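The values are calculated or read from the model by the stated rules, or taken from the named source; none is laboratory data. No experiment lies behind these values; they were computed from the predicted model shown. All Cβ positions, even for glycine, are placed from backbone atoms using ideal geometry, and neighbour counts span all protein chains on display. In case anyone asks, the SASA skips ligands and DNA or RNA and just uses the protein heavy atoms, side chains included. Shrake-Rupley method; radii C 1.70, N 1.55, O 1.52, S 1.80 Å.
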Amino acid sequence: MFEKILIANRGDIALRIHRACREMGIKTVAVHSTADAGAMHVRLADESVCIGPPASRDSYLNVPAILSAAMITGADAIHPGVGFLSENADFAEIVAAHGFTFIGPRPEHIRTMGDKIAAKRAAIELGIPCVPGSAGAVSSAEDAMGIAQEIGFPVLIKASAGGGGRGMKIALSIDELGQAISMAQSEAEAAFGSGEVYIERYLGRPRHIEVQILGDSHGNVVHLGERDCSLQRRHQKILEETPSPALNAAAREEIAEIAASAMRRLGYESLGTIEFLYEDGAFFFIEMNTRLQVEHPITEMVTGIDLVREQIQVASGAPIGFLQADIVFNGHSIECRVNAEDPVSFRPSPGRITDYHAPGGLGVRVDSALYAGYEVPPYYDSLVAKLVVHGTNRNECLLRLRRALDEFVIGGIDTTVPLHQQLTKVPDFINGDYDIHWLENVFLTR
Ligand code: ADP
């Protein structure tokens with residue numbers, strides 16, 4: 001097992017990884033930008049190294065600085081966390097070339113799944129059902145026309161290098177296709193440095209269902225059930241729950257097994273999430289994330305399995321310590337993403353935290369790096385806390401969630417807590433009756 005892990009991230013996820021390391025008897029090294037010198041992940045780590053100025057490209061994406069920090073502190077392994085370098089195959093290779101273990105999948109799997117066109121091709125080969133669409137990139141409106149007519153309008157133009165919901169454009173009819181393609185191409189070029197786009201059928205009212213996978217270097221792969229992440233704004237997840245209120249036992253088992261056996265065939269190692277859209281009883285693959293997910297805690301709440309601990313263990317070469325049949329799914333769990341944003345306009349709201357009180361009690365977990373007196377910097381992702389609750393069933397979970405939200409005090413900045421308070425009281429949500437467009441088209445337009 002590793003003796004010392006460098007955590008190449010910040011905020012609540014850096015703390016989350018630190019906690020797993022501590023419980024495993026592994027020392028931690030925090031890295032931080034100058035803006036994060038007083039951050040909780042730095043305070044709790046055994047050692048810390050400043051890796052650059054505030055801008056992410058100069059600090060949390062600064063590969064030479066991160067490698068130097070690993071060398072001078074004598075770390076054995078690097079955990080990339082979520083975001084930043086976590087899905088960067090070149091980084092994974094460079095880390096290994098310098099004699100450190102990258103805590104994540106093999107670089108070739110990160111690379112394939114990071115390119116959405118290659119990922120879709122791989123998914124088809126592995127027997128995973130995909131959204132009908134182009135077999136590869138489309139270069140022009142003429143090229144796209146035939147495909148769009150075959151799959152039917154509306155269609156979605158997506159960036160091959162896309163992420164975070166950017167670089168997607170809908171074309172409702174043939175008249176809109178040319179413009180949608182050129183807009184998606186230029187947006188993708190600007191955001192990702194590649195203008196390569198492809199076409200998919202646009203699904204009108206699907207749910208976003210994803211399956212959690214864990215693989216080891218001995219060929220074992222298990223699934224840890226699904227998460228329903230249909231509550232989204234601008235393709236960004238706001239609240240996630242497991243199990244999905246939309247699936248029955250047979251559908252749940254079917255999709256989880258498809259995902260696990262595909263990953264077994266691929267020889268996938270580490271944590272991974274296969275994302276699907278689910279409409280009219282059918283699943284369609286959209287992408288795979290080759291890393292820990294923000295919403296991993298809800299899976300931990302219903303399985304009792306520490307996913308980060310398992311991820312570290314398999315990275316050290318150990319086999320998964322349990323079988324699929326040993327995994328028991330218990331009750332219901334919901335996560336609310338609390339962002340430092342105005343709950344109505346969604347404008348970012350960085351600043352000093354004047355008061356902080358996290359909810360507690362049975363079945364309540366808060367993953368956050370906030371504390372009273374902390375200054376939320378304006379440079380990074382606006383996620384400042386994850387409120388995760390567990391109940392023996394969905395109703396108990398909901399009642400507990402409302403109670404926990406009412407207890408949460410984050411003074412000095414605006415947060416999305418009031419949005420969650422309202423969301424958890426509306427009938428459609430209470431009934432589990434929502435699709436990926438509901439939050440934006442129904443809830444936020446009330
Ligand atoms: P990203 O990597 O940018 O997050 P995804 O492929 O995961 O891109 O898609 C993000 C979200 O966009 C999905 O959760 C869903 O809400 C929406 N989306 C993606 N593909 C489709 C589609 N074919 N039809 C309708 N909505 C889609």
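In the range 211-238, what residues are within 27 Å of Ile103 (Cα to Cα) and within 9 Å of the ligand (Cβ to nearest atom)?
Passing the criteria: Cys229, Gln236, Lys237.
Any idea which of (1) touching a helix residue (DSSP H, G or I) at 6+ places or on another chain (Cβ under 8 Å); (2) open to solvent by less than 60 Å² (accessible area, probe 1.4 Å); (3) closer than 19 Å to Val294 by Cα is the one Phe84 doesn't satisfy?
Going through (1) touching a helix residue (DSSP H, G or I) at 6+ places or on another chain (Cβ under 8 Å); (2) open to solvent by less than 60 Å² (accessible area, probe 1.4 Å); (3) closer than 19 Å to Val294 by Cα one by one, Phe84 breaks only (2).
Looking at Arg309, Arg337, Arg352 in this structure, which one is within 19 Å of Leu401 (Cα to Cα), basic (Lys, Arg) and at pLDDT 95 or above?
Result: Arg337 is the single residue among Arg309, Arg337, Arg352 that is within 19 Å of Leu401 (Cα to Cα), basic (Lys, Arg) and at pLDDT 95 or above.
Yes/no per residue for (1) open to solvent by 40 Å² or more (accessible area, probe 1.4 Å); (2) part of a loop (DSSP other than H, G, I, E, B); (3) of a type in the set (Phe, Trp, Tyr):
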position: Phe153; (1), (2), (3): yes, yes, yes
position: Arg166; (1), (2), (3): yes, yes, no
position: Asp175; (1), (2), (3): yes, no, no
position: Ala180; (1), (2), (3): no, no, no
position: Ala190; (1), (2), (3): yes, no, no
position: Glu200; (1), (2), (3): no, no, no
position: His223; (1), (2), (3): no, no, no
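Any idea which residue in the range 388-439 is farthest from the chain's Cα centre (by Cα), counting only those that are surrounded by 14 or more Cβ atoms within 10 Å (Cβ to Cβ) and among the small types (Gly, Ala, Ser)?
Filtering first and then ranking leaves Gly412.
Which residue pairs have Cβ atoms under 6 Å apart, sit 6 or more places apart or on different chains, and have a first residue in the range 227-242 that is aliphatic (A, V, I, L, M) and a second that is within 11 Å of the ligand (Cβ to nearest atom)?
Between residues of the range 227-242 that are aliphatic (A, V, I, L, M) and residues that are within 11 Å of the ligand (Cβ to nearest atom), the close pairs are Leu231/Leu439; Ile238/Leu231; Leu239/Leu231.
Consider Ala123 against the criteria (1) away from the ligand (no atom under 14 Å from the Cβ); (2) at pLDDT 95 or above: it satisfies all of them except one. Which criterion is unmet?
(1)
Could you please find all residues in the range 89-138 being open to solvent by 20 Å² or more (accessible area, probe 1.4 Å), assigned to a helix (DSSP H, G or I), aliphatic (A, V, I, L, M) and touching a helix residue (DSSP H, G or I) at 6+ places or on another chain (Cβ under 9 Å)?
Ile94, Ala96, Ala118, listed by residue number.
Among what's in the range 19-39 and is under 24 Å from the mean Cα position of the chain (by Cα) and of a type in the set (Lys, Arg), pick the residue that is surrounded by the most Cβ atoms within 10 Å (Cβ to Cβ).
Arg19
Give the residues of the range 229-256 that are assigned to a strand (DSSP E or B) and open to solvent by 20 Å² or more (accessible area, probe 1.4 Å), sorted by residue number.
Those that are assigned to a strand (DSSP E or B) and open to solvent by 20 Å² or more (accessible area, probe 1.4 Å): Arg233, Gln236, Lys237.
Working carefully through the options Ile334, Ile305, find the one that is in a loop (DSSP other than H, G, I, E, B), assigned by TED's automatic domain parsing to the domain that holds Gly272 and either crowded, with 18+ Cβ neighbours inside 10 Å or among the aromatic types (Phe, Trp, Tyr) (or both).
The conditions single out Ile305.
I need every pair where a residue in the range 41-69 that is over 17 Å from Ile26 (Cα atoms) has its Cβ under 8 Å from the Cβ of a residue that is acidic (Asp, Glu) and open to solvent by 40 Å² or more (accessible area, probe 1.4 Å), sequence separation at least 6 or different chains.
Cβ pairs passing all conditions: Gly52/Asp58.
Please work out which one of (1) open to solvent by 50 Å² or more (accessible area, probe 1.4 Å); (2) within 16 Å of the ligand (Cβ to nearest atom); (3) in contact (Cβ under 8 Å) with a residue 24 or more places away in the chain is the condition Asp280 fails and give its number.
(3)
Looking at (1) farther than 30 Å from Gln313 by Cα; (2) at pLDDT 95 or above, which one does Asp90 not meet, given that it meets all the others?
Every condition holds for Asp90 apart from (1).
Any chance the range 304-320 includes a residue that's of a type in the set (D, E, K, R), within 16 Å of the ligand (Cβ to nearest atom) and more than 12 Å from Leu224 (Cα to Cα)?
No.
Out of the range 350-377, which residues are closer than 16 Å to Gly11 by Cα and of a type in the set (S, T, N, Q)?
Of everything in the range 350-377, just one residue is closer than 16 Å to Gly11 by Cα and of a type in the set (S, T, N, Q), namely Ser368.
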